[in-house]
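Asks: Structure provided below as structure tokens; questions to follow.
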There are 2 protein chains.
Amino acid sequence: MNVLKDILSERGIRPTFQRLTVLAAVSENRSHVTIRELHAALVKKIPTLSKTTLYNTLELFSAKGLVRSLSIDPGEARYDGVVAPHHHFYCSVCGRIIDIEISCPTGRAGEIHGHRIDEVHGYFKGVCRDCLARPGQTSVPPGKHIPAQRRRISHA
Amino acid sequence: MNVLKDILSERGIRPTFQRLTVLAAVSENRSHVTIRELHAALVKKIPTLSKTTLYNTLELFSAKGLVRSLSIDPGEARYDGVVAPHHHFYCSVCGRIIDIEISCPTGRAGEIHGHRIDEVHGYFKGVCRDCLARPGQTSVPPGKHIPAQRRRISHA
DNA sequence: TTCATGTTTGTAATCATTACAAAATAGTTT
DNA sequence: AAACTATTTTGTAATGATTACAAACATGAA
């Protein structure tokens, strides 16, 4: 894709193979990936890919406005290739993150009470429609978030 | 304060000295404290206080709706004793967190697109009024957040 | 080619958070 | 009060995301 290459060049980012691969993965994928997931997926294409490169690349992309870094999942950052303003819903049962299209007039002003606004983050947490409908999950207590990293088996 | 004791008892939380102290610190303090800060402040009153107790206590309080856990500062959770709905502004220069009073009609509905909403988090990031006015800080680039934990000297 | 600069990689630290079990505390019953 | 039980607190040891750092690598200019 020369389109991706142009996107990087326009922002003064040298379009290396790694960066193009990361940009392709983040923007084609609609799933708010973590570094961990991204690394697991991309080592297939770039066997030597290091996590440090992913951290560096995504921080660079974030600074240049190509991706958005989400801190909705406590303990692990997630990256969104869609930079157009929208909010997110985090399901505390299945851990899924769902895009919420909302017109939030506040952030668009660019400033509030004299403070310059660079980023607007709107996070909703709760139980998603599917998990509510699933039998046996009817009484999930609020505030019980189970991030992916804590959902594993203990190695005691 | 018997008021604090009643608050805990009403929610079925046994009002121990540790819990009362934590609740007092979080609710009287308007500063969105971290576990680290809280521990540093409270060991003066309870020399044996452990961080595990703070984690347990604040998770319990959060589950019972006595405090709100904020993930606006990447890398470190912050706790807000004010549970009434409001948003937050994070200054990427000084690291300060400022309350933003905003009427956000979306979250109050309790559900959106069939998803049950338990928590609403509105975070703005940028440069606060004071840091904008401070001379020598006029050209802070967007997206350069410096969390407290990374602001220390390296021990290499 | 040589040089300088930017990029990638691997390894080692840092540090918030969690897991876990022992010690301490409080409430209850005898 | 002692004995017992359930809850709470504490200290220590994992876990795991993120950062620091320097060596290896690639790239483009002179």
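Asks: Taking A:Ile7, is it within 14 Å of another protein chain (Cβ to nearest Cβ) and not charged (D, E, K, R)?
Replies: No; evaluated as a whole, the condition is false for this residue.
Asks: If you don't mind, there's one more thing I want to ask. Tell me which residues, restricted to region A:48-59, are near DNA strand D (Cβ under 10 Å from one of its atoms) and assigned to a loop (DSSP other than H, G, I, E, B).
Replies: Passing the criteria: A:Thr48, A:Ser50.
Asks: Provide a single number: the residues in region B:73-95 that are among the aliphatic types (A, V, I, L, M) and surrounded by 15 or more Cβ atoms within 10 Å (Cβ to Cβ).
Replies: Of the residues in region B:73-95, 2 are among the aliphatic types (A, V, I, L, M) and surrounded by 15 or more Cβ atoms within 10 Å (Cβ to Cβ).
Asks: Starting from region A:83-102, take each residue that is within 19 Å of A:Val67 (Cα to Cα) and list its partners that are hydroxyl-bearing (Ser, Thr, Tyr) and open to solvent by less than 10 Å² (accessible area, probe 1.4 Å), counting only C-beta distances under 6 angstrom and pairs at least six apart or across chains.
Replies: A:His88/A:Tyr123; A:Ile97/A:Tyr90
Asks: Looking at A:Ile117, is it in contact with an Asp or Glu (Cβ under 8 Å, 6 or more places away or on another chain), facing another protein chain (nearest Cβ under 7 Å) and of a type in the set (A, V, I, L, M, F, W, C)?
Replies: Against the criterion (in contact with an Asp or Glu (Cβ under 8 Å, 6 or more places away or on another chain), facing another protein chain (nearest Cβ under 7 Å) and of a type in the set (A, V, I, L, M, F, W, C)), A:Ile117 qualifies.
Asks: Hey, another quick one. Which members of region A:128-150 meet the condition of being within 7 Å of chain B (Cβ to nearest Cβ), at pLDDT 65 or above and either under 17 Å from the mean Cα position of the chain (by Cα) or farther than 19 Å from A:Leu70 by Cα (or both)?
Replies: A:Arg129, A:Leu132
Asks: Same structure again: One residue is enough: does region A:60-82 have a residue meeting the conditions in contact (Cβ under 8 Å) with a residue 40 or more places away in the chain, away from DNA strand D (no atom under 16 Å from the Cβ) and under 30 Å from B:Glu111 (Cα atoms)?
Replies: yes
Asks: Mind listing whichever residues of region A:82-129 are basic (Lys, Arg) and not in a strand (DSSP E or B)?
Replies: A:Arg96, A:Arg108, A:Arg129, listed by residue number.
Asks: Given B:Lys45, B:Lys5, which one is free of Cβ contacts under 8 Å to residues at least 40 places away in the same chain, touching a Ser or Thr at 6+ places or on another chain (Cβ under 8 Å), within 14 Å of DNA strand D (Cβ to nearest atom) and at negative phi? Walk me through how you get there before you give the answer.
Replies: Numbers: B:Lys5 fails: touching a Ser or Thr at 6+ places or on another chain (Cβ under 8 Å).
Matching residue, one of B:Lys45, B:Lys5: B:Lys45.
Asks: Looking only at region B:25-74, count how many residues are within 11 Å of DNA strand C (Cβ to nearest atom), within 14 Å of chain A (Cβ to nearest Cβ) and out of contact with any strand residue (DSSP E or B) (no Cβ under 9 Å at 6 or more places or on another chain).
Replies: Total satisfying the criteria: 1.
Asks: Are any residues in region B:13-32 modelled with pLDDT of 95 or more and in a loop (DSSP other than H, G, I, E, B), and if so, which ones?
Replies: Answer for region B:13-32, where residues must be modelled with pLDDT of 95 or more and in a loop (DSSP other than H, G, I, E, B): B:Ile13, B:Arg14, B:Pro15, B:Thr16.
Asks: Among the residues of region B:8-34, which ones are under 19 Å from the mean Cα position of the chain (by Cα) and within 12 Å of DNA strand D (Cβ to nearest atom)?
Replies: Across region B:8-34, the qualifying residues are B:Gln18, B:Arg19, B:Leu20, B:Thr21, B:Val22, B:Leu23.
Asks: Please work out which one of (1) more than 14 Å from chain B (Cβ to nearest Cβ); (2) over 26 Å from B:Lys125 (Cα atoms) is the condition A:Val93 fails and give its number.
Replies: Going through the list (1) more than 14 Å from chain B (Cβ to nearest Cβ); (2) over 26 Å from B:Lys125 (Cα atoms), A:Val93 breaks only (1).
Asks: Could you please give the count of residues in region A:15-71 that are open to solvent by less than 70 Å² (accessible area, probe 1.4 Å), farther than 18 Å from A:Asn2 by Cα and basic (Lys, Arg)?
Replies: Matching residues across region A:15-71 total 1.
Asks: Continuing with the same structure: Among the residues of region A:96-124, write down those that are more than 22 Å from B:Ser92 (Cβ to Cβ) and open to solvent by 10 Å² or more (accessible area, probe 1.4 Å).
Replies: A:Arg96, A:Ile97, A:Ile98, A:Asp99, A:Glu101, A:Ile102, A:Ser103, A:Pro105
Asks: Take region B:103-130 and flag every residue that is in contact with a helix residue (DSSP H, G or I) (Cβ under 7 Å, 6 or more places away or on another chain) and touching a residue at least 24 places away in the same chain (Cβ under 8 Å).
Replies: Hits for region B:103-130 are B:Val120, B:Phe124.
The values are calculated or read from the model by the stated rules, or taken from the named source; none is laboratory data. All figures in this text were calculated on a predicted structure; none of them were measured in a lab. We place every Cβ from the backbone using ideal geometry, glycine too, and count neighbours over all the protein chains shown. For accessibility, only protein heavy atoms count, side chains too; no ligands or nucleic acids. Shrake-Rupley method; radii C 1.70, N 1.55, O 1.52, S 1.80 Å.
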